[in-house]
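These notes are about the structure you will find just below.
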Amino acid sequence: MAPALEAALAAAKVLPILTPRTLEGLEGLGEALLEAGFSWMEVTLRTPLALEAIRRLRALGLEVGAGTVLNEAQAEEALAAGASFLVSPGLSPGLARWAEALGLPYLPGVATPTEVQEALALGLRLLKFFPAEAMGGVRTLKAYAPVFPGVRFVPTGGIGPETLEAYLALENVLACGGSWLLEGSLEEVRTKLRGLGKLRPQAQR
Ligand code: 3PG
C-alpha cells in the first residue's frame, strides 16, 4: 500500500502528467505547480528527456512519479533519478513485487474486472483506471463501485476539464490523472491550475 501517495492524491484531486519534449521552461512549470499547491506529479518515461526532467523537478521539491514504467530496468533508472513512485499503463506482477520490496509506491493500470481482481490478489487496491475514457469512463467506474468496494481508482486517459468533475464525484475515484493541465504556455497552465482551486480545498504543499 501507499499511504503517502493515497493521501496526496486524495487531497490533490488531480495528478498532473508531463511527457517532456523539451527541458526548456521545466523549472517554471515546476514552480507553478508548487505555487498552486501541487506537490505530486508524474513524468512519463516516453521521451529521452524523462529521467533528466525527473531529476530537475525533484530538485525543486516536487514528489515526482515515473509513468509508463513497463519493467524493472526502467523502474531502477527512475528510482536512481529520484522518482518517488511508479505508474504503469497495465498491471505487472513482477514490478509490483519489485516496488513492494523497496517500499516504493506503485500505481498499476487496470481496465477490466479481471485485472482489478489480479491487483487485489497482489495486495494492491489503489489503481489507475486506464485508458479511462476509452474503457467506458464514468459508467464503468460506477459499475465497479459495488463490486470492488475497497478499491480506489485514479482514472487517466482522455480526461479533460469537461469530464473531470463527473469522475471526481464518484465514491471510488480518488483523483484523476491528466496531461491537459500542463499543456500550453506557462500562463495558460497557471490559469488552469488556479481553476482547480475550488475542487481541492484540502490540497497540501
Ligand atoms: C498517461 O500516461 O497516463 C496518459 O497518457 C495520460 O492521459 P492523457 O494524456 O489523456 O491525459
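The values are calculated or read from the model by the stated rules, or taken from the named source; none is laboratory data. This structure is a prediction, so every number in the text was calculated from the model and none was measured. Every residue, glycine among them, receives a Cβ derived from its backbone with ideal geometry; neighbour counts consider all protein chains shown. For accessibility, only protein heavy atoms count, side chains too; no ligands or nucleic acids. Shrake-Rupley method; radii C 1.70, N 1.55, O 1.52, S 1.80 Å.
Select from the range 165-178 the residues that are under 13 Å from Val14 (Cα atoms) and crowded, with 18+ Cβ neighbours inside 10 Å and write down the one among them that is nearest to the chain's Cα centre (by Cα). Looking at the filtered set, the residue picked out is Gly177.
Against the numbered list (1) touching a helix residue (DSSP H, G or I) at 6+ places or on another chain (Cβ under 7 Å); (2) within 15 Å of the ligand (Cβ to nearest atom); (3) within 23 Å of Arg21 (Cα to Cα), Leu57 comes up short only at (2).
Residue by residue, here is whether (1) assigned to a strand (DSSP E or B); (2) away from the ligand (no atom under 14 Å from the Cβ); (3) open to solvent by 50 Å² or more (accessible area, probe 1.4 Å) holds:
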position: Glu27; (1), (2), (3): no, yes, yes
position: Ala32; (1), (2), (3): no, yes, no
position: Val43; (1), (2), (3): yes, no, no
position: Glu52; (1), (2), (3): no, yes, yes
position: Gly65; (1), (2), (3): yes, no, no
position: Ala73; (1), (2), (3): no, yes, yes
position: Glu76; (1), (2), (3): no, yes, yes
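Against the criterion of being within 20 Å of Ala4 (Cα to Cα), at pLDDT 95 or above and open to solvent by 20 Å² or more (accessible area, probe 1.4 Å), Leu120 qualifies. Looking at the range 186-200, is at least one residue in contact (Cβ under 8 Å) with a residue 24 or more places away in the chain, farther than 30 Å from Thr22 by Cβ and out of contact with any Asp or Glu (no Cβ under 8 Å at 6 or more places or on another chain)? Taking every residue of the range 186-200 in turn, none turns out to be in contact (Cβ under 8 Å) with a residue 24 or more places away in the chain, farther than 30 Å from Thr22 by Cβ and out of contact with any Asp or Glu (no Cβ under 8 Å at 6 or more places or on another chain).
Yes/no matrix, rows are residues, columns are (1) within 21 Å of Pro161 (Cα to Cα); (2) in contact (Cβ under 8 Å) with a residue 40 or more places away in the chain; (3) out of contact with any Gly (no Cβ under 9 Å at 6 or more places or on another chain):
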| position | (1), (2), (3) |
| --- | --- |
| Ile17 | yes, yes, no |
| Leu26 | no, no, yes |
| Ser39 | yes, yes, no |
| Glu42 | yes, yes, no |
| Thr47 | no, no, yes |
| Glu52 | no, no, yes |
| Leu62 | no, no, no |
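Number of residues in the range 78-107 that are open to solvent by less than 30 Å² (accessible area, probe 1.4 Å) and hydrophobic (A, V, I, L, M, F, W, C) equals 11. In the set Glu133, Glu162, Glu183, Glu187, which member is in contact with a helix residue (DSSP H, G or I) (Cβ under 8 Å, 6 or more places away or on another chain) and open to solvent by 60 Å² or more (accessible area, probe 1.4 Å)? Answer to the selection: Glu183.
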